[in-house]
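K.L.:
Mind looking over this structure? Questions follow.
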Amino acid sequence: MNVQSDTAISAVNLALSEYISTAASRALPPPAAAKTRHHILDTLAAILSGSRLRAGKLAAGYAARLTGAPEATVMGTSLVVPAETAALANAMSAHADETDDSHLGGRFHPGCGIVPAAFAVAEQRDRSGADLIRSVALGYDVGARLNMSLGYANPNNAKGHSTHSLGAAFGAAAAAAALLRFDPTRVRHVLSYACQQASGVPFWHRDTEHVEKAFDFGGMGARNGVAGAMMVATGFSAVEDAFAGRNNFFTGFGEKPDPAALAHELGTRFEIMQASIKKWCVGSPIQAVLDAIEALIAEHHVRAGDAKRILITMSDDRMHIVDNRSMPDVCVQHMAALMLTDGALSFASTHDHARMKDEAVLAVRRKIELIPSPELSKAVPARQAIVEIECNDGRKLRHHAKAVRGTPDNPMTSKEIEDKALDLIAPVTGAERAKKLVAAAGQLDKLQSVRELRALLQA
């Protein structure tokens, strides 16, 4: 790493800060803009559905203590609070379960941290829907590149810091800085405060209630990113370049750091295009398993009573995340058994803790054997799974799910994304408002002010 004086600014940070400072006024390529609208809608749906789960309720209760300037909406409630507080509460709701999007290359869930942060600042500053879209796409670009620049050999098993927390924080900070129309100098100050607030230790998989995990993945990064931007907006100064020089960000957080990755292909490679929207509201490693079971049900009409033995082969580097967990939506054995028992899954059934004690489901679960596979850990596309069912009538059924539905290799259609959103939003807002919100999200680039969405997001 190059030695730098305390006053010089590295070429990478100059390029990054200049790009961020003009992002809100820079048009996106139509495919990137369309995909960003999809991810915003998907995240709003995750927030509203998550506002009724434990992490979302607790976050709203916390936010209610911190009322002050009425700047941004705590979605799913009637609260309008300071932007930092709204960002925290909405981000925790967005990851209150496993509904939100993910980015495999960046090893984080970008939407749950970046969209709430951008939305809160856009509300506070009365920005347009187009401004929101561009700032969110920017957040994905910066958050993913930040994680990639750290050079973690195995981010899934990183021993020092959680990429899920870091990517969200820097993506949120970049989105907030762009919406505040900061010049490059103030952008660099925001990034410096993002570095100072960087946190997250990867023991989140031990969380049994998805509350601290919601904070780690979404709430902390969204709050810190917005807070740093608001500090700079009120005149806080900071170190000009936190990514180079003595004791910089990479000396504290990098493994084999590549600072150049922070600005590599900005403006030509849009990380939103590599983000995935979940078809199933369950942990990411379970997605392919459910895709495979759905295919077996459709092709062979197999159900729980037909199964004598069920083998599930998964990548060995992610299996521990979902192996016999106490939370239903991150327990692969329970989700597989539930899918075979019911023939389908809903948001309600995947979050029904009582079903984990349902004897009919437990009977199927006892037939399941989980097999770790080093080969699947290396397979491309990632997150593949194989489900084999030995039937009582002698049939041996097998399906290898290679490209998970909702990933860039097998994307969901606009209708699938909108239908998912309607299913999640309607129980909170009512069917009519849910339809209006989905329609508004589809025309977000034409919205003069994101404040126009408040009535559709409150409860």
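K.L.:
Setting aside same-chain residues fewer than 8 positions from K357, which lysines have a Cα under 23 Å from its Cα?
P.N.:
Reachable lysines: K308, K367.
K.L.:
To the nearest 0.05, how large is the calculated FRET efficiency for K357 and A11 if R₀ is 45 Å and r is the Cβ-Cβ distance? All intermediate terms of the calculation are to be shown ahead of the outcome.
P.N.:
On the way: r = 59 Å, r/R0 = 1.31.
Given R0 = 45 Å and the Cβ-Cβ separation, E is 0.15.
K.L.:
Hey, another quick one. By DSSP, what percent of the beta bridges with both residues in the chain are antiparallel, rounded to the nearest 5? Display every interim value, and only then the final one.
P.N.:
Values: 19 of 25 bridges.
Percentage antiparallel, nearest 5: 75.
K.L.:
Also, quick follow-up: Could you give the angle, 0 to 90 degrees to the nearest 10, between helix 287-300's Cα long axis and the longest principal axis of the Cα atoms of the chain?
P.N.:
30 degrees
K.L.:
If you place +1 on the Cβ of every Lys and Arg, -1 on the Cβ of every Asp and Glu, and leave all else neutral, what size is the dipole of the range 403-459 about its Cα centre, to the nearest 20 Debye? Could you put the intermediate results ahead of the total?
P.N.:
Details: 9 positive and 8 negative charges, 48 e Å.
Computed about the Cα centre, the dipole is about 220 debye.
K.L.:
In the neighborhood of A55, defined by Cβ-to-Cβ distances under 13 Å, what is the net charge if each Lys or Arg adds +1 and each Asp or Glu adds -1? Before the final figure, lay out the partial values.
P.N.:
Details: positive: R52, R54, K57, K213; negative: D97, E98, D100, D207, E209, E212, D216, D329.
Every neighbour counted, the sum reads -4.
K.L.:
On alpha-carbon atoms, Rg over Rh for the range 57-215 using Kirkwood Rh? Walk me through the numbers on the way to the answer.
P.N.:
Numbers: Rg = 15.1 Å, Rh = 15.8 Å.
Rounded to two decimals, Rg over Rh is 0.96.
K.L.:
Okay, moving on. Under the definition of Cα pairs under 8 Å and six or more residues apart, what whole-number percent is the relative contact order of the range 147-237?
P.N.:
Details: 98 pairs, mean separation 37.9, N = 91.
Reported as a whole number, the value is 42 percent.
K.L.:
Roughly speaking, what is the stretch gain from M273 to F203, that is 0.36 nm per residue apart minus the C-alpha to C-alpha distance, in nm to one decimal?
P.N.:
Working: separation 70, 0.36 × 70 = 25.20 nm, distance 2.89 nm.
Fully extending the segment from M273 to F203 adds 22.3 nm.
K.L.:
Quick one: if you stick a label point 7 Å off each Cα along the C-beta vector at A348 and D258, how many nm between them?
P.N.:
4.8 nm
K.L.:
Find out how many positive minus negative residues lie around Q287, taking Lys and Arg as positive, Asp and Glu as negative, among other residues whose Cβ is under 9 Å from that of Q287.
P.N.:
Its environment carries a net charge of +3.
K.L.:
Kindly express, to the nearest 10 degrees and within the range 0 to 90, the angle between helix 83-94's C-alpha long axis and the longest C-alpha principal axis of the chain.
P.N.:
10 degrees
K.L.:
Let me ask something else. Taking all protein chains together and a probe of 1.4 Å, list S237, S49 from the most accessible to the least accessible.
P.N.:
On the way: S237 80, S49 5 Å².
Order by accessible area, largest first: S237, S49.
K.L.:
By how many nm would the segment from Q443 to K415 lengthen if fully extended, with 0.36 nm per residue of separation less the alpha-carbon distance?
P.N.:
Extra length from Q443 to K415 when fully extended: 8.6 nm.
K.L.:
Calculate one ³J(HN,Hα) per residue across the range 390-405 by plugging θ = phi - 60° into the Karplus curve 6.51 cos²θ - 1.76 cosθ + 1.60, and present them in order as whole Hz with x for glycine and proline.
P.N.:
8, 8, 5, 8, x, 5, 10, 9, 8, 9, 9, 8, 9, 10, 4, 5
K.L.:
Let's test the formula: R0 of 41 Å, r as the Cβ-Cβ distance of D126 and E375. What FRET efficiency results, to the nearest 0.05?
P.N.:
On the way: r = 53 Å, r/R0 = 1.29.
After rounding to 0.05, the efficiency reads 0.20.
K.L.:
To continue, here is another question. Take every Cα pair under 8 Å in the range 272-388 that's 6+ residues apart, average their separations, divide by the length, and report that relative contact order as a whole percent. Intermediate values should be presented prior to the final figure.
P.N.:
Working: 170 pairs, mean separation 45.0, N = 117.
Relative CO of the range 272-388 lands at 38 percent.
K.L.:
Okay, next question. Using helices alone, I'd like the mean residue ellipticity at 222 nm for the chain: each DSSP H run of four-plus residues gives -39500 (n - 2.57), total over residue count, nearest 500.
P.N.:
Details: 19 runs with 220 residues, N = 459.
Roughly -14500 deg cm²/dmol at 222 nm, from the helical runs in the chain.
K.L.:
For helix 184-197, report the angle its Cα long axis makes with the longest principal axis of the Cα atoms of the chain; keep it between 0 and 90° and round to the nearest 10°.
P.N.:
50 degrees
K.L.:
Within the range 7-30, what residues put their amide N at less than 17 Å from the label point 7 Å along the Cα-to-Cβ vector of V239?
P.N.:
7-14, 17
K.L.:
Nearest 0.05, what FRET efficiency do M231 and R54 give at R0 = 22 Å with Cβ-Cβ as r? List each step's numbers first, then the result.
P.N.:
Details: r = 31 Å, r/R0 = 1.40.
Calculated transfer efficiency: 0.10.
K.L.:
Any idea of the accessible area per residue across the range 45-135, 1.4 Å probe, to the nearest Å²? List each step's numbers first, then the result.
P.N.:
On the way: 2190 Å² over 91 residues.
Result: 24 Å² of accessible area for each residue.
K.L.:
Follow-up question, since we're still on this one. Exactly which GluC sites (Glu not before Pro) in the range 240-337 are in a DSSP loop and have at most 13 other Cβ atoms within 10 Å?
P.N.:
Passing sites in the range 240-337 are E265.
K.L.:
Along Cα→Cβ, 7 Å out, is where each label goes; now give me the distance between the ones at A459 and T251 in nm to one decimal.
P.N.:
4.8 nm
K.L.:
State, as an integer percentage, the relative contact order of the chain based on alpha-carbon contacts under 8 Å between residues 6 or more apart. Could the numbers behind the result be given before it?
P.N.:
Numbers: 996 pairs, mean separation 93.3, N = 459.
Value for the chain: 20 percent.
K.L.:
Got a number for carbon plus sulfur as a percent of the range 409-450's accessible area, 1.4 Å probe? Each step should come with its number before you reach the end.
P.N.:
Numbers: 1130 of 2200 Å².
After summing per-atom areas, the C and S share lands at 52 percent.
K.L.:
At 7 Å along Cα-to-Cβ for each site, give me the label-to-label distance between D423 and R181 in nm.
P.N.:
Inter-label distance under the simple model: 4.2 nm.
K.L.:
Post the alpha-carbon centroid distance, the range 385-459 to the range 140-193, in whole angstrom.
P.N.:
27 Å
The values are calculated or read from the model by the stated rules, or taken from the named source; none is laboratory data. These figures come from a predicted structure and were not determined experimentally. Cβ: placed from backbone, ideal geometry, glycine included. Neighbour counts: every protein chain shown. The accessibility values were calculated without ligands, DNA or RNA, using every heavy atom of the protein model including side chains. Shrake-Rupley method; radii C 1.70, N 1.55, O 1.52, S 1.80 Å.
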